[in-house]
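Undergrad: Quick one: structure below, then a few questions.
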Amino acid sequence: MPMNKYYGIDVGGTSVKLGLFSATELLAKWEIPTDTSEGGKNILPDIARSLRDEAVGAAIGVPGAVLPDGTVNRCVNLGWPVCRPSDEFTALTGLPCRMTNDADAAALGEAWYGVGRGYHSILLVTLGTGVGGGLVQNGVLLNGGHGAAGELGHIPVEPAETETCNCGHRGCLEQYASATGIARLARLAGLGELTAKDVFERAARGDEACAAVADRACDYLGRGLAAACVTFDPEAVILGGGVAKAGETLRARVEDAFRRYAFHACRETRVLLATLGNDAGIYGCARLAMGG
């Protein structure tokens with residue numbers, strides 16, 4: 001009997017990552033460019049043409065809110081309006097397809113095959129250009145009634161903020177703990193045009209000014225995670241995304257801040273670093289295609 005195979009597809013603003021999986025492992029992976037011209041109308045046909053083998057199902061992660069019925073509530077980075085990409089993908093390929101948010105996919109990937117294995121409940125926070133997140137309990141994604149569960153970047157953490165977040169509000173966690181937010185904190189501290197990577201690397205080498213910026217960013221992140229954990233109460237919080245490449249320099253600071261702000265019953269929640277890196281999304285999508 002032939003082995004069932006599944007596609008995990010992670011659509012980003014610049015590239016699409018694809019993985020072909022068995023029920024237990026990654027068989028092959030590759031990437032194609034994301035063609036966002038003409039409102040992103042070529043993205044799904046390009047993916048369909050790139051598929052390499054027969055499969056029994058697929059799931060696609062996208063950078064936007066996905067409703068429980070699979071409707072994508074706009075993807076600005078892809079040029080998509082409110083739409084049903086799974087229907088078009090199935091028409092192109094004949095494969096049943098499920099949709100999810102890219103951070104949710106990464107959370108499911110880490111829960112299935114990454115550092116989250118062995119935990120009944122995890123909260124993944126993705127620290128990149130923005131701040132996202134995903135919640136997994138007993139192997140199942142928790143999406144919420146509007147597809148917005150895990151939008152950690154928009155937890156309000158600073159009522160005195162005067163600049164506006166991309167969401168239109170002020171004082172969102174994303175303004176302080178994302179890669180762009182950390183770079184902004186560095187500018188506000190008079191350090192010039194440093195990246196988040198620069199800040200944490202210099203902090204690790206003992207630069208006191210950069211250490212102060214890192215401490216401030218992680219203080220806000222710890223505060224936001226404390227708010228999230230008192231709602232969801234996961235066994236582990238996992239730090240992922242590009243900023244998490246700072247490793248222990250980031251993790252230890254976040255854990256210290258989280259302990260300061262956490263409700264006493266949540267204070268011993270584990271704070272871990274993600275292990276799947278950029279592959280987390282394809283793992284999570286494959287797991288979703290399998291029925292996860």
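The values are calculated or read from the model by the stated rules, or taken from the named source; none is laboratory data. Note that the structure is a prediction, hence the values are computed from the model and not measured. Ideal geometry is used to build each Cβ from the backbone, glycine not excepted, and the neighbour counts take in all protein chains shown. For accessibility, only protein heavy atoms count, side chains too; no ligands or nucleic acids. Shrake-Rupley method; radii C 1.70, N 1.55, O 1.52, S 1.80 Å.
Undergrad: Can you check what the net charge comes to around Ile155, using other residues whose Cβ is under 10 Å from the Cβ of Ile155 (Lys, Arg +1; Asp, Glu -1)?
TA: On the way: positive: Arg223; negative: Glu151, Glu174.
Here the charged neighbours net out to -1.
Undergrad: Averaging sequence separations of C-alpha pairs under 8 Å and six or more residues apart, then dividing by the length of the stretch 1-102, give the relative contact order as a whole percent. The partial results should precede the final answer.
TA: Numbers: 208 pairs, mean separation 26.9, N = 102.
That works out to 26 percent.
Undergrad: Next up: Can you quote the Å³ per residue value for the convex hull of the Cα atoms in the stretch 1-147, rounded to an integer? Walk me through the intermediate numbers first.
TA: Values: hull volume 17.1 nm³, N = 147.
For the stretch 1-147, the hull spanned by Cα atoms encloses 117 Å³ per residue.
Undergrad: Could you report the chain's accessible area per residue, 1.4 Å probe, as an integer in Å²? Present the calculation step by step, with values, prior to reporting the outcome.
TA: Values: 13100 Å² over 292 residues.
Averaged over the residues of the chain, the accessible area is 45 Å².
Undergrad: On a full-extension model of 0.36 nm per residue, what is the gain between Ala265 and Glu38, subtracting their alpha-carbon distance, rounded to one decimal in nm?
TA: Working: separation 227, 0.36 × 227 = 81.72 nm, distance 5.07 nm.
Extra length available between Ala265 and Glu38 comes to 76.6 nm.
Undergrad: Which stretch or stretches of the stretch 226-261 have amide N atoms under 17 Å from the point lying 7 Å from Asn278's Cα along the Cα→Cβ direction?
TA: Under 17 Å, as judged by backbone N against the label point of Asn278, lie 240-246 of the stretch 226-261.
Undergrad: For the stretch 189-230, what is the convex hull volume of the alpha-carbon atoms per residue, in Å³?
TA: Details: hull volume 3.0 nm³, N = 42.
Value for the stretch 189-230: 72 Å³ per residue.
Undergrad: I would also like to ask the following. Kirkwood-based Rg over Rh for the stretch 150-292 (C-alpha set), two decimals?
TA: 0.98
Undergrad: Across the chain, how many lysine pairs, 8 or more apart or on two chains, come within less than 26 Å at their alpha-carbon atoms?
TA: 9
Undergrad: Now for a different question. For the pair Asn4 and Val56, how long in nm is the line joining their label points, each one 7 Å along Cα→Cβ?
TA: Those two pseudo-labels are separated by 0.3 nm.
Undergrad: What FRET efficiency comes out for Glu193 versus Cys167 if R0 is 22 angstrom and r is the Cβ-Cβ distance? Round to the nearest 0.05.
TA: Numbers: r = 25 Å, r/R0 = 1.12.
In this case the efficiency is close to 0.35.
Undergrad: Would you kindly work out the equivalent ellipsoid of the stretch 85-173 from its C-alpha gyration tensor and give its semi-axes, the square roots of five times the eigenvalues, largest first in whole Å? Write down the numbers at each step before the final one.
TA: Working: eigenvalues 158, 73, 21 Å².
One finds semi-axes of 28, 19, 10 Å for the stretch 85-173.
Undergrad: Provide Met99, Met3 ordered by accessible surface of protein heavy atoms (probe 1.4 Å), highest first.
TA: Values: Met99 20, Met3 110 Å².
Correct descending sequence by accessible area is Met3, Met99.
Undergrad: Roughly how much of Glu255 is accessible, in Å² to the nearest 10, using a 1.4 Å probe?
TA: Glu255 has an accessible surface of roughly 40 Å² with all protein chains in place.
Undergrad: Oh, and also: How compact is the chain by the rule of thumb for globular proteins, expressed as Cα Rg over 2.2 N^0.38 Å?
TA: Numbers: Rg = 19.0 Å, N = 292, 2.2 N^0.38 = 19.0 Å.
Its radius of gyration relative to the 2.2 N^0.38 Å reference: 1.00.
Undergrad: Bin width 5 Å, alpha-carbon pairs only: give the P(r) of the stretch 6-83 as whole percents, running from 0 to the bin holding the largest distance.
TA: All Cα pairs, binned at 5 Å, distribute as 3, 15, 27, 23, 18, 12, 3, 0 percent.
Undergrad: Please state the charge dipole magnitude for the chain, taken about the Cα centre, from unit charges on C-beta atoms (+1 on K and R, -1 on D and E), reported in debye and rounded to the nearest 20.
TA: On the way: 26 positive and 33 negative charges, 41 e Å.
With Lys and Arg at +1 and Asp and Glu at -1, about 200 debye.
Undergrad: Let me ask you something else. Rounded to the nearest 0.05, what FRET efficiency do Glu208 and Asn138 give with R0 = 41 Å and r taken as the Cβ-Cβ distance? Could you check?
TA: Working: r = 45 Å, r/R0 = 1.09.
That pair, Glu208 with Asn138, gives E of 0.40.
Undergrad: Run the numbers for Val82 and Asp69: contour at 0.36 nm per residue of separation, minus the present Cα-Cα distance, in nm. Show your work: numbers first, answer last.
TA: On the way: separation 13, 0.36 × 13 = 4.68 nm, distance 1.25 nm.
Going from the current span to full extension adds 3.4 nm.
Undergrad: Which length gain, in nm to one decimal place, applies between Glu158 and Leu92 when the Cα-Cα distance is subtracted from 0.36 nm times their residue separation?
TA: Numbers: separation 66, 0.36 × 66 = 23.76 nm, distance 4.64 nm.
Working it through step by step, the gained length comes to 19.1 nm.
Undergrad: If you don't mind, there's one more thing I want to ask. So, with a 1.4 angstrom probe, what is the percent of accessible area on the stretch 135-219 that is carbon and sulfur? Before the final figure, lay out each step's value.
TA: Details: 2160 of 4300 Å².
For the stretch 135-219, the apolar C and S fraction of the accessible surface comes to 50 percent.
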